[in-house]
1. Glu222 passes all but one of (1) surrounded by fewer than 24 Cβ atoms within 10 Å (Cβ to Cβ); (2) outside any loop (DSSP other than H, G, I, E, B); (3) at pLDDT below 95; which number fails?
2. Run down Tyr207, Tyr232 and say which single residue is outside any helix (DSSP H, G or I), within 15 Å of the ligand (Cβ to nearest atom) and at negative phi.
3. Could you please find all residues in segment 352-387 being over 19 Å from Asp311 (Cβ atoms), within 13 Å of the ligand (Cβ to nearest atom) and in a loop (DSSP other than H, G, I, E, B)?
4. Look at Tyr312 and say whether it is aromatic (Phe, Trp, Tyr), in a loop (DSSP other than H, G, I, E, B) and in contact (Cβ under 8 Å) with a residue 24 or more places away in the chain.
5. Any residue in segment 94-106 that is assigned by TED's automatic domain parsing to the domain that holds Phe361 and on the phi > 0 side of the Ramachandran plot?
6. Restricting attention to segment 310-325, and to residues there that are under 14 Å from Gln286 (Cβ atoms) and in contact with a helix residue (DSSP H, G or I) (Cβ under 7 Å, 6 or more places away or on another chain), which single residue is nearest to the ligand (Cβ to nearest atom)?
7. Please specify each residue of segment 124-149 satisfying the condition of being in contact with a strand residue (DSSP E or B) (Cβ under 7 Å, 6 or more places away or on another chain) and either modelled with pLDDT under 95 or part of a strand (DSSP E or B) (or both).
8. Identify, please: which residue in segment 64-105 is touching a Lys or Arg at 6+ places or on another chain (Cβ under 6 Å) and within 30 Å of Pro369 (Cβ to Cβ) and is, among those, surrounded by the fewest Cβ atoms within 10 Å (Cβ to Cβ)?
Amino acid sequence: MADPLSPDRGYFGKFGGAYLPEILVATFRSLEAAFAAAQADPGFWREYEALLAEYSCRPTPLTFCENLTRDCGGARIFVKREDLNHTGAHKANNVLGQGLLVRRMGKKRVIAETGAGQHGVATATMAAKFGFECTVYMGEVDVERQSPNVFWMERLGARVVSVKDGSRILKDAINEAFRDWAANMDSTHYVLGTACGPHPFPAMVAYFQSIVGKEVRRQVLERTGRLPKRVYACVGGGSNALGVFSAFLADQTVELVGVEAGGRGLHTHKHAARLASADASLGVAQGYRTYFLQDADGQMHETHSVAAGLDYIGVSPILAHLRDQGRVRFESATDDEVVAALARTVQREGLIPALESAHAFAQAFKEAPQLSPDDVIVINQSGRGDKDIFTVADAFGDPLWRDFIRRKAASYASKP
Ligand SMILES: *Cc1c(COP(=O)(O)O)cnc(C)c1O
């Protein structure tokens with residue numbers, strides 16, 4: 001069988017590709033060549049693992065959740081702790097891997113776009129470590145919403161450009177980043193944050209994130225002597241899901257479950273479920289072919305999720321292909337289910353998952369009681385929840401904290 005993570009001329013089945021302006025074609029060719037050379041060099045993966053061990057706490061632990069297991073009364077629940085990475089999420093894996101590749105290519109400047117700010121902070125951190133110049137594009141609306149992340153990006157030495165075009169959100173920042181790249185191809189690498197975009201980005205990001213699945217497979221066999229019955233991961237662009245799923249693709253007994261943002265409920269159309277709802281359709285945008293939340297004229301829908309990192313119109317072409325092949329099952333969890341799952345995890349295990357990750361917990365809690373105590377399930381905790389303090393205080397409706405935090409947030413936002 002062909003390796004499901006290796007594209008055939010840039011395509012995963014009918015998804016993927018590289019729909020590029022002429023001016024960027026040569027840059028993508030050289031990136032593809034540099035990535036292929038790195039993949040073929042066994043020293044490169046060793047260098048990558050050593051960097052992550054020293055700088056980002058890898059291998060991250062696999063934690064047994066005794067209390068949640070007892071409460072659910074079914075499968076034994078294990079959690080993969082990607083929240084313990086430097087900067088608080090699995091994003092560090094991809095960004096540090098691309099950093100090594102940039103150094104190999106001899107480039108000295110990186111750019112990125114960011115919505116919630118997490119990928120911007122991770123990229124600015126990597127740039128500080130490697131000594132690269134760094135520019136981060138961010139929609140003006142997001143700059144205001146995410147001022148603490150803007151603060152840290154600037155302290156880390158990045159230039160944050162507030163994009164005032166269009167709706168002033170993530171998609172406008174993406175357009176601006178591509179414009180910068182086209183003007184500065186020779187010096188600059190665009191650090192894409194998830195397994196989306198034109199080839200070779202989906203394959204490249206999945207390759208770096210595959211470190212997560214490799215560790216989980218080894219750890220779960222060591223701990224339990226068996227493969228998991230099911231593996232759960234939240235799906236924004238798809239990188240943490242592909243990371244943890246990739247090591248199990250060939251194990252037909254392991255069910256892989258991707259959990260998308262159900263937002264206010266699929267029937268409200270205020271969600272970001274591209275693969276778990278009937279609201280998305282096949283299209284080409286932002287340089288690649290996948291399912292997008294769009295209407296018949298290709299106008300993109302407004303998406304909604306309590307978790308900023310899942311609120312995206314497209315999805316990894318690799319996951320779209322795995323869904324069509326029946327290898328990955330897709331579900332969704334609503335904002336309310338996610339907040340409840342978060343509260344339960346915090347109170348019962350003392351773990352604080354990101355709201356994104358809490359989608360995977362919510363789905364696992366629905367299913368674990370139907371499984372047997374002989375079964376093992378793994379939930380990928382893609383990131384830590386400290387960043388969600390404003391949203392969670394709001395959702396829990398704690399008036400004292402909510403007002404305190406609101407005042408603080410307003411005072412951040414009013415700073416020039
Ligand atoms: C960015 C982010 C995600 C979503 O991105 P994927 O590419 O789908 O993994 C999920 N969880 C956390 C904590 C994030 O920061």
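The values are calculated or read from the model by the stated rules, or taken from the named source; none is laboratory data. It should be emphasised that the depicted structure is a prediction, and the values quoted were computed from it without experimental measurement. Note that we place each Cβ from the backbone using ideal geometry, even for glycine, and neighbour counts take in every protein chain shown.
1. Looking at each condition in turn, Glu222 falls short on (3).
2. After applying the criteria, what remains is Tyr232.
3. Ile352
4. Yes, satisfied.
5. No, every residue in segment 94-106 fails to be assigned by TED's automatic domain parsing to the domain that holds Phe361 and on the phi > 0 side of the Ramachandran plot.
6. Ser316
7. Listed by number, the residues that qualify are Glu133, Cys134, Thr135, Val136, Tyr137, Met138, Gly139, Glu140, Val143.
8. Within segment 64-105, the match that is surrounded by the fewest Cβ atoms within 10 Å (Cβ to Cβ) is Asn67.
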